[in-house]
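Encoded as structure tokens, the structure appears first; notes follow it.
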Amino acid sequence: MHEVNTYMDQDQTILKFYQITIGHEMKCQECNANYKKEYPWLTIPLPICSSSNKFKHLEIALDEFLKWDILNGDNQCYCDICKEVTDTSSRYHIKELPQILTVQLLRFHFDTTNRCYQKFDDCIEIPLTLMFEESRDNPNEWCLSSRINKESPDESFSTLLGTVQHPHQESKVEAAAKEKLKSTKEFELFAACYHEGVYGYGHYHADIKSTADVWYSFNDQTVAKLSNVHPNRFNKSYLIMYRRKNANKSGNYNVITVQFQCVLFTLVNDECIKYLHTLWAKS
Ligand SMILES: [Zn+2]
């Protein structure tokens, strides 16, 4: 990560592409005092299970991550008004989305019974695209589009277009559809990094989709072009990256993307980096 910091010192522009603004809201259950903060994150550290559940799909895990949570017992928080620790409700929310969205699946956890770290090797379904929309309840927040449509299925985009019955209604429906498009951001999966083995040992390899939309597998000295990539291929990934669809792909976007991919996948293999440089130099 030192190399990432070096790049950032040299060029803060990189932050514009990778930085997620995360809001954190806490509410005292005793006096209702509300505490709000914002944090710049480069990745979303995403739990893939709870104390009672293993999440089968990335969107379920994201939904859970963005839900209200109650901090009680040993997790109570200090309230400035009550002047003591109290039960506190807490939630994270997405204030600003980046061009490149990076999610680290938290596959390692500390097992308090055996007093050692363990790895969750379970499969989790990784969607090839993620769609976000501005929240209707909180206009300055982004949430998963599928979640909104599940809550209000009769207001989905396709339904809006399908309800045209009179010519004079068309412009209203089209305006609503355009408005919906304006407040939507779609991302496509373009990189997945895997860890094989147990905590403290093992081997990393990665799949990356080029800017020409061709998938490649990078594994030590081996680089292989992939064809007919099935979505299940990514189910055991450890770190995934999505890039914004329909975003401006010209100029600095490509340069910065390649820079960060190179830094990130140095962790995987130096040979892969050399290949990446030649690959993108040609494209
Ligand atoms: Zn309080």
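The values are calculated or read from the model by the stated rules, or taken from the named source; none is laboratory data. In this text, all values refer to a predicted model and were calculated from it rather than measured experimentally. All Cβ positions, even for glycine, are placed from backbone atoms using ideal geometry, and neighbour counts span all protein chains on display.
Couple of notes before you dig in:
- Subset of region 84-122 that is of a type in the set (Asp, Glu) and outside any strand (DSSP E or B) - its residue that is farthest from the ligand (Cβ to nearest atom): 121
- Of the listed requirements (1) away from the ligand (no atom under 15 Å from the Cβ); (2) β-branched (Val, Ile, Thr); (3) part of a loop (DSSP other than H, G, I, E, B), residue 81 misses just one: (1).
- Taken over region 66-78, the criterion of being in a loop (DSSP other than H, G, I, E, B) and within 14 Å of the ligand (Cβ to nearest atom) is satisfied by 72, 76.
- Residue ranges of strands (runs of 3 or more DSSP E) in region 137-225 with at least 1 members modelled with pLDDT of 85 or more and of a type in the set (Val, Ile, Thr): 184-196, 203-209, 222-225
- Among the conditions (1) under 30 Å from residue 99 (Cβ atoms); (2) within 14 Å of the ligand (Cβ to nearest atom), residue 56 misses just one, which is (2).
- Scanning region 16-68 for residues that are of a type in the set (A, V, I, L, M, F, W, C) and free of Cβ contacts under 8 Å to residues at least 12 places away in the same chain yields one hit, 60.
- In summary, residue 228 fulfils each of the numbered conditions (1) at negative phi; (2) assigned to a loop (DSSP other than H, G, I, E, B); (3) exposed (fewer than 15 other Cβ atoms within 10 Å of the Cβ) with the single exception of condition (1).
- In region 15-42, the residues that are of a type in the set (Phe, Trp, Tyr) and either farther than 24 Å from residue 98 by Cα or within 15 Å of the ligand (Cβ to nearest atom) (or both): 35
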